[in-house]
Every structure is written in structure tokens, then in C-alpha cells.
Amino acid sequence: MFITASHAGQAHYVTGLLLVAAAMCAIPGARAASREPIVEETSLYLNVEKNNQLITGLGPRNFRLYIDGKFAPFRLEPPEEQTSIVVLAEFSRSSGYYFEDIDTAVRAFPRRAPTDGYWYALATYSQNLEVSVDFTQSPGEILAAWPRVPAPMWNEIHTYDAIYETLDKMGRLPGRRILIVIGSGIDTSSEHTMNDVKKKLEAVNVVVFVAGAGSAFRGAMESYLNSSARMTLLQARAFLKMLADSSGGFSWFPMMPNGFPDVIEGIMQSVASQYRLVCQLPLDVTGKFHKIKVEAFRIVDDKREDFKVLVRSGWR
């Protein structure tokens, strides 16, 4: 799943490196022999905004990177040539109440997706995660496959399990990785918890963008909901927002279906405008969380103009 023939060669190369690393770890005293801290070269992807407008054209002198509160050196590099984008859409019988939101978003995506260096996959989830289109460079295949996805058989929405599994698989891919989640955020009975998903997100290099579905339905039903149902909906939205905020993406929750094409347009513009900071990140076998902060600014007439930076909150 999520590996095509084009991906396979690079995947074997990465696997080879992992095997070498594992062999080194197995040698008694291999780590103890060196007192140098263990570090890994890592790419941080980020967007820069001001007044909801994307800022492009910045150079290395316009950024400051801090890891665990300490200044860290970096290189500003172009994005990797290969970008893998997975569209993950909720598709349960329960999703029928706001299916128009989901349907509009998925159909809008191929019309706004570039082809050069981009690989796309479509997956859906209810009780299980299902891959409808494995990686292809033709966004049109997603548009063609979507109407042929079999009608859902289950009422369950295992959102946490589906996102956890998708992140796990995407974490093994080479290049830049983007996950677009289209759904309500509601979870019925996943084996994984929200905290499991958060920790997995902190451990893999995937940027998550969210098109939150169901806002109009929730608004219409608000007066009929008890406190428990309201809490469930608040938790669902908070979960989706966490996915985006923690990984350096963003989450939008349109009130009407016709707002979703604009969401997808905004996501693809953000992907096209991402900066890539390459830095040395400390590795910790205990799973310690390392906080990341990036400042972006521009000096105009001896005055500093600061920008908002969308970047992952840290690394585990």
C-alpha cells in the first residue's frame, strides 16, 4: 500500500540504510564508543503568512530556527523533487449526513492538483482503511475512481485507526509527504487513542492539512444535542485542528459544501509555497519530545516585519 514501482527503488534504498543502522545498534558498545550526540539530518517544511496571505521569496537570512529553545543552524533548500500526497476521506454510512461536504472536497482536488513531481493516492475509511487509488502521477485517476468506491457497509468511523495507519505507512516514503484529511474527526471505537495518533504524528515527517466536514449539519442539529453529543463534536474538531497545528498544516471548516473547493485550492497553494529548512535534529531513544520554533521576518527601512510561521511543533 502507498508504494508504486517508482517509489520502490528509493524505498529499498531507505530500507538498506535502516538495516545498516539496526546492525550498528546491535554491536555492543557501538554507541558508547562515541560521545558525540546522535543527530539526524531532517527537513522541516513550513509556510509563512501575513494577514492570511502566503509570503514567498524569503531567503536564509529571513529565518531563525530554535530546537528546545536553543538557536540551531540550518540550510534553506528547495523541496525534494518527489512529493507524495495522500487524500484520506471519511466514508461511512454515518457520513451520509454530511456526505456532500466530503464529495465536493474530493471532486475538487484533482482539478487543483499539479502533476510535475507529485504522486497522489486516495484512501477511504469507515471501520477499515481502504486504498482506492495507489500512487499515481495522474490526479484524474482519483476523480475517475471516486464514484466507483463501493458504498460503505458500516456505521463505525475509526478515524484514529485510519490516520494512525496512514501516518505509519507514509513515514516510510521518500521525499516530501502531505496528508489531506477530509472528514468530521468523529471517532466511534478505534483501537488507537487520540494520544496515540498525536505521538505518531510527532514521530513521522508528514504535514497534515484538514478539510473539516459536517459544520452545516452540526449547526442545524445544535439545538437538539445533549451535552455529551456537543462534547463529542468539540473533541472531533479539536482533534482535526491538532493534526494540522502539530504538523505545520492548517484546518478549515467550511459552513457550506461550496466552500470546499476554496479549501482544496488553499491547501495546494500552501503546498506549492512551502519552504524547506534542513537541520540536524537530535535523536533520543527515550522518545523525548524536542520543541521546534521558527521565526520568519523581513527588515524594511531598518524595521523588522514579523510573519506567522506554520511549522510542526516538535519532533519525537
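Go through the stretch 251-265 and give me each residue that's open to solvent by less than 10 Å² (accessible area, probe 1.4 Å) and either of a type in the set (Gly, Ala, Ser) or touching a Phe, Trp or Tyr at 6+ places or on another chain (Cβ under 6 Å) (or both).
Correct list: Val263, Ile264.
Going by the structure shown, is Val309 at pLDDT 95 or above, farther than 22 Å from Ile102 by Cα, open to solvent by 20 Å² or more (accessible area, probe 1.4 Å) and hydrophobic (A, V, I, L, M, F, W, C)?
Against the criterion (at pLDDT 95 or above, farther than 22 Å from Ile102 by Cα, open to solvent by 20 Å² or more (accessible area, probe 1.4 Å) and hydrophobic (A, V, I, L, M, F, W, C)), Val309 qualifies.
Of the residues that sit in the stretch 60-112 and are among the small types (Gly, Ala, Ser) and open to solvent by 20 Å² or more (accessible area, probe 1.4 Å), which one is nearest to Ile157 (Cα to Cα)?
This residue is Ser94.
Residues being in contact with a helix residue (DSSP H, G or I) (Cβ under 7 Å, 6 or more places away or on another chain) and closer than 21 Å to Gly140 by Cα: count how many of those fall in the stretch 92-104.
So the count comes out to 4.
Out of all the residues in the stretch 52-99, which are under 30 Å from Ala213 (Cβ atoms) and among the charged types (D, E, K, R)?
Glu90, Arg93
Filter the stretch 238-250 down to residues that are of a type in the set (A, V, I, L, M) and open to solvent by 20 Å² or more (accessible area, probe 1.4 Å) and give me whichever is nearest to Leu88 (Cα to Cα).
Step by step, filter the stretch 238-250, then rank; the result is Met242.
Of the residues that sit in the stretch 131-172 and are aromatic (Phe, Trp, Tyr) and part of a helix (DSSP H, G or I), which one is most open to solvent (accessible area, probe 1.4 Å)?
Applying the filter and picking the extreme gives Tyr164.
Could you tell me which residue of the stretch 266-292 is farthest from Leu46 (Cα to Cα), considering only residues that are among the hydroxyl-bearing types (Ser, Thr, Tyr) and open to solvent by 10 Å² or more (accessible area, probe 1.4 Å)?
The qualifying residue farthest from Leu46 (Cα to Cα) is Thr286.
Condition first: assigned to a helix (DSSP H, G or I) and either small (Gly, Ala, Ser) or surrounded by fewer than 10 Cβ atoms within 10 Å (Cβ to Cβ) (or both). Now tell me which residues in the stretch 219-237 satisfy that.
Selection gives Gly219, Ala220, Ser223, Tyr224, Ser227, Ser228, Ala229, Ala236.
On the given criteria, is Phe209 aromatic (Phe, Trp, Tyr), closer than 26 Å to Gln82 by Cα, within 18 Å of the chain's Cα centre (by Cα) and surrounded by 13 or more Cβ atoms within 10 Å (Cβ to Cβ)? Steps first, answer last, please.
Values: aromatic (Phe, Trp, Tyr): yes; closer than 26 Å to Gln82 by Cα: yes; within 18 Å of the chain's Cα centre (by Cα): yes; surrounded by 13 or more Cβ atoms within 10 Å (Cβ to Cβ): yes.
When the stated conditions are applied, Phe209 passes them.
Sort out which residues of the stretch 123-146 are more than 22 Å from Thr188 (Cα to Cα) and in contact with an Asp or Glu (Cβ under 9 Å, 6 or more places away or on another chain), and write them in order of number.
Applying the first criterion (more than 22 Å from Thr188 (Cα to Cα)) to the stretch 123-146 yields 132-146.
Once the filter is applied, which keeps residues that are more than 22 Å from Thr188 (Cα to Cα) and in contact with an Asp or Glu (Cβ under 9 Å, 6 or more places away or on another chain), the stretch 123-146 yields Val133, Gln137, Trp146.
The values are calculated or read from the model by the stated rules, or taken from the named source; none is laboratory data. Remember, it's a predicted structure, so these values are computed and weren't measured experimentally. Methodologically, a virtual Cβ is constructed for each residue, glycine included, from the backbone with ideal geometry; neighbour enumeration extends over all protein chains shown. What goes into the accessible areas is simple: the full protein's heavy atoms, side chains included, and nothing from ligands, DNA or RNA. Shrake-Rupley method; radii C 1.70, N 1.55, O 1.52, S 1.80 Å.
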